[in-house]
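*Asks:* This is the structure, below, for whatever I ask next.
The values are calculated or read from the model by the stated rules, or taken from the named source; none is laboratory data. The shown structure was predicted, so the numbers you read here are calculated from the model rather than taken from an experiment. Ideal geometry is used to build each Cβ from the backbone, glycine not excepted, and the neighbour counts take in all protein chains shown.
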Amino acid sequence: MLKVTVLGTGNVASHFINAFSKNSDIQLVQIFNHKAETLKTYSSFDTTTQLENLKPADVYLVCIKDDYIEGLIHKINQHKAIVAHTSGSLPLLDSINRDAVFYPLQTFSKDKNITFKDLPICIETKHKSDFKILQTLANLLEAKSYAVNSEQRQDMHLAAVFVCNFVNHLYHIGHEICSQKQLPFDILKPLIQETADKINSKIPREAQTGPAKRNDKTTINRHIHQLDNPDYQEIYRYLTSSIQKTYE
């Protein structure tokens, strides 16, 4: 049985805590957060606000903001166990012997349950034995593990920001337009789903449609005039230009 302690209680941490606690082959040893208030949700688990009170574990999974990861990892390295962070953009730390990365390539929200089955987890370690341990942890979650180095992971994280975070912001703009015009956003959901489904059979370049692709200047100009928000006009112009350049 693998013994795991989770450090953090945010979006990523909460999903790992839920998955670990339901897996009979994983012992969730402890949950850490320096704020006692945030640990009240996990009152049925062993929790602590003090790093010096951390109990022995095979893996310490650090799920906190990137800015604080290095400082925290240095403080818990005394336990001589694997200390793995879940950041997509931070490299391994040269000064930590068993530092590792266990990066789930997914978008997480606390109020939406996500299964780890077939979810890609990017693993990087300094020792082959540590890789096997983290690969076992991924397998116990029924996730798909990949050996990905720091540079590759940072590139993957960059690509993920485009296909997830930026796309969701465009959903937000579409939602605002619908709300302002008293139109139901649900009308757009089949279109959103079909657009996402297409990339299962086509590369994105082949799946592109719309006025920018066909250089429909009349529609493009009308859309820009319809937008009241100058920032949204700028986004529309830039994305239109980018699409047009792609198909020149």
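*Asks:* If we keep just the residues of segment 200-248 that are acidic (Asp, Glu) and not in a loop (DSSP other than H, G, I, E, B), which is surrounded by the most Cβ atoms within 10 Å (Cβ to Cβ)? I'd like the intermediate steps shown before the answer.
*Replies:* Step one: of segment 200-248, the residues acidic (Asp, Glu) are 206, 216, 228, 231, 234, 248.
After this cut, where a residue has to be not in a loop (DSSP other than H, G, I, E, B) as well, the list is 206, 231, 234.
Working: GLU206: 9, ASP231: 9, GLU234: 12.
Among those residues, the one meeting the criterion is GLU234.
*Asks:* Given the residues SER95, SER89, SER24, SER14, which is the only one that is closer than 22 Å to ASN139 by Cβ, of a type in the set (Ser, Thr, Tyr) and in a loop (DSSP other than H, G, I, E, B)?
*Replies:* Within the list SER95, SER89, SER24, SER14, the selection yields SER24.
*Asks:* Filter segment 120-158 down to the residues that are outside any strand (DSSP E or B) and among the basic types (Lys, Arg) and list them by number.
*Replies:* LYS126, LYS128, LYS132, ARG153 - these are the residues of segment 120-158 that are outside any strand (DSSP E or B) and among the basic types (Lys, Arg).
*Asks:* Another question, if that's okay. Suppose we filter LYS35, LYS55 for residues that are in the same structural domain as PHE102 (by TED's automatic domain parsing), of a type in the set (D, E, K, R), free of Cβ contacts under 8 Å to residues at least 40 places away in the same chain and surrounded by fewer than 19 Cβ atoms within 10 Å (Cβ to Cβ); which single one remains?
*Replies:* Working: LYS55 fails: free of Cβ contacts under 8 Å to residues at least 40 places away in the same chain.
None of the other options fit; the residue is LYS35.
*Asks:* While we're looking at this one, here's another question. Can you give me the number of residues within segment 230-248 that are free of Cβ contacts under 8 Å to residues at least 40 places away in the same chain and closer than 20 Å to GLU176 by Cα?
*Replies:* 9
*Asks:* Looking at segment 111-137, which of its residues are out of contact with any Leu (no Cβ under 9 Å at 6 or more places or on another chain) and surrounded by 15 or more Cβ atoms within 10 Å (Cβ to Cβ)?
*Replies:* Those that are out of contact with any Leu (no Cβ under 9 Å at 6 or more places or on another chain) and surrounded by 15 or more Cβ atoms within 10 Å (Cβ to Cβ): ILE114, ASP130, PHE131, LEU134, GLN135.
*Asks:* Would you confirm, using the coordinates I've provided, whether PHE102 is closer than 18 Å to SER14 by Cβ, among the hydrophobic types (A, V, I, L, M, F, W, C), at pLDDT below 95 and in the same structural domain as LEU7 (by TED's automatic domain parsing)? Write out each step before concluding.
*Replies:* On the way: closer than 18 Å to SER14 by Cβ: yes; among the hydrophobic types (A, V, I, L, M, F, W, C): yes; at pLDDT below 95: no; in the same structural domain as LEU7 (by TED's automatic domain parsing): yes.
Judged against the criteria, PHE102 is not a match.
*Asks:* Checking the structure you have, find out if any residue of segment 61-81 is surrounded by 13 or more Cβ atoms within 10 Å (Cβ to Cβ), touching a residue at least 60 places away in the same chain (Cβ under 8 Å), touching a helix residue (DSSP H, G or I) at 6+ places or on another chain (Cβ under 7 Å) and assigned to a strand (DSSP E or B).
*Replies:* no
*Asks:* Here's something else I'd like to know. Give me the residue from segment 169-195 that is surrounded by 12 or more Cβ atoms within 10 Å (Cβ to Cβ) and not aliphatic (A, V, I, L, M) and, out of that set, nearest to SER21 (Cα to Cα).
*Replies:* Going through the qualifying residues, I end up with TYR171.
*Asks:* Find the residue count for segment 44-99, including only residues that are under 15 Å from ALA13 (Cβ atoms), hydroxyl-bearing (Ser, Thr, Tyr) and under 21 Å from the mean Cα position of the chain (by Cα).
*Replies:* Adding up the residues that qualify gives 4.
*Asks:* Hey, another quick one. Could you tell me whether segment 178-199 includes any residue that is under 29 Å from SER89 (Cα atoms), under 26 Å from the mean Cα position of the chain (by Cα) and not in a helix (DSSP H, G or I)?
*Replies:* Checked segment 178-199: at least one residue is under 29 Å from SER89 (Cα atoms), under 26 Å from the mean Cα position of the chain (by Cα) and not in a helix (DSSP H, G or I).
*Asks:* Something else now. Could you grab me the full set of residues in segment 7-18 that are of a type outside the set (Phe, Trp, Tyr) and either buried (at least 21 other Cβ atoms within 10 Å of the Cβ) or within 23 Å of GLU70 (Cβ to Cβ) (or both)?
*Replies:* Of everything in segment 7-18, those that are of a type outside the set (Phe, Trp, Tyr) and either buried (at least 21 other Cβ atoms within 10 Å of the Cβ) or within 23 Å of GLU70 (Cβ to Cβ) (or both) turn out to be LEU7, GLY8, THR9, GLY10, ASN11, VAL12, ALA13, SER14, HIS15, ILE17.
*Asks:* Only one of LYS132, LYS110, LYS126, LYS117 is farther than 17 Å from PHE32 by Cβ, out of contact with any Lys or Arg (no Cβ under 6 Å at 6 or more places or on another chain) and without any contact (Cβ under 8 Å) to a residue 24 or more places away in the chain. Can you tell me which?
*Replies:* Testing whether each residue is farther than 17 Å from PHE32 by Cβ, out of contact with any Lys or Arg (no Cβ under 6 Å at 6 or more places or on another chain) and without any contact (Cβ under 8 Å) to a residue 24 or more places away in the chain leaves just LYS132.
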